[in-house]
């Protein structure tokens with residue numbers, strides 16, 4: 001029983017998963033800030049459409065951030081919670097001064113692609129560790145992110 005967590009998961013795989021979830025959490029924070037900035041600063045003929053879409057994306061990201069942090073806590077670990085940690089652990093980089101549809105949507109596509117890659121890595125770890133709770137959380141988010149990626153690509157390439 002010493003090698004199991006309070007949720008009945010193996011401690012070693014649980015720790016790897018929590019580390020990867022913290023990486024996802026950091027990336028989500030930077031992604032959130034990027035799309036929030038795009039919402040505020042978008043200009044041009046697609047303003048109304050993208051202003052609303054970016055609001056949808058950052059609102060969903062805020063919910064996901066909370067769910068990821070709570071899952072880390074459920075696994076028995078501490079979620080990252082400072083901006084310096086988010087910046088240091090994130091593969092997604094801060095975006096500044098982007099105001100056009102092509103730049104903001106293109107950057108959002110790049111950011112979503114990174115989130116999806118991380119989510120697939122987490123799904124593999126969760127599957128190996130028999131962690132259905134994390135699998136369910138990430139699977140739902142992955143599906144939403146893939147759909148948004150498809151839609152944003154259709155917007156840019158339409």
Could you pull out the residue among 57, 21 that is part of a helix (DSSP H, G or I) and within 17 Å of residue 123 (Cβ to Cβ)? 21
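Just give me the residues in segment 1-18 being more than 18 Å from residue 142 (Cβ to Cβ) and assigned to a helix (DSSP H, G or I), in sequence order.
Across segment 1-18, the qualifying residues are 11, 12, 13, 14, 15, 16, 18.
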Would a scan of segment 34-43 turn up a residue that is surrounded by fewer than 17 Cβ atoms within 10 Å (Cβ to Cβ) and part of a helix (DSSP H, G or I)? yes
Of the residues 131, 141, 101, which single one is under 19 Å from residue 40 (Cβ atoms) and surrounded by 14 or more Cβ atoms within 10 Å (Cβ to Cβ)? 101
Farther than 13 Å from residue 141 by Cβ, modelled with pLDDT of 95 or more, surrounded by fewer than 20 Cβ atoms within 10 Å (Cβ to Cβ) and out of contact with any helix residue (DSSP H, G or I) (no Cβ under 9 Å at 6 or more places or on another chain): which single residue out of 113, 78, 59 fits that description? 59
Going by the conditions given, is residue 23 free of Cβ contacts under 8 Å to residues at least 24 places away in the same chain, surrounded by 15 or more Cβ atoms within 10 Å (Cβ to Cβ) and either touching a strand residue (DSSP E or B) at 6+ places or on another chain (Cβ under 6 Å) or within 21 Å of residue 144 (Cβ to Cβ) (or both)? no
Entirely in segment 76-158, the helices (runs of 4 or more DSSP H) that have 1 or more residues that are under 19 Å from residue 50 (Cα atoms) and touching a residue at least 24 places away in the same chain (Cβ under 8 Å): 101-128, 132-157
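The values are calculated or read from the model by the stated rules, or taken from the named source; none is laboratory data. Just so you know, these numbers come straight off a predicted model, no measurement behind them. No Cβ is skipped: glycine too gets one built from the backbone with ideal geometry, and neighbour counts run over all protein chains shown.
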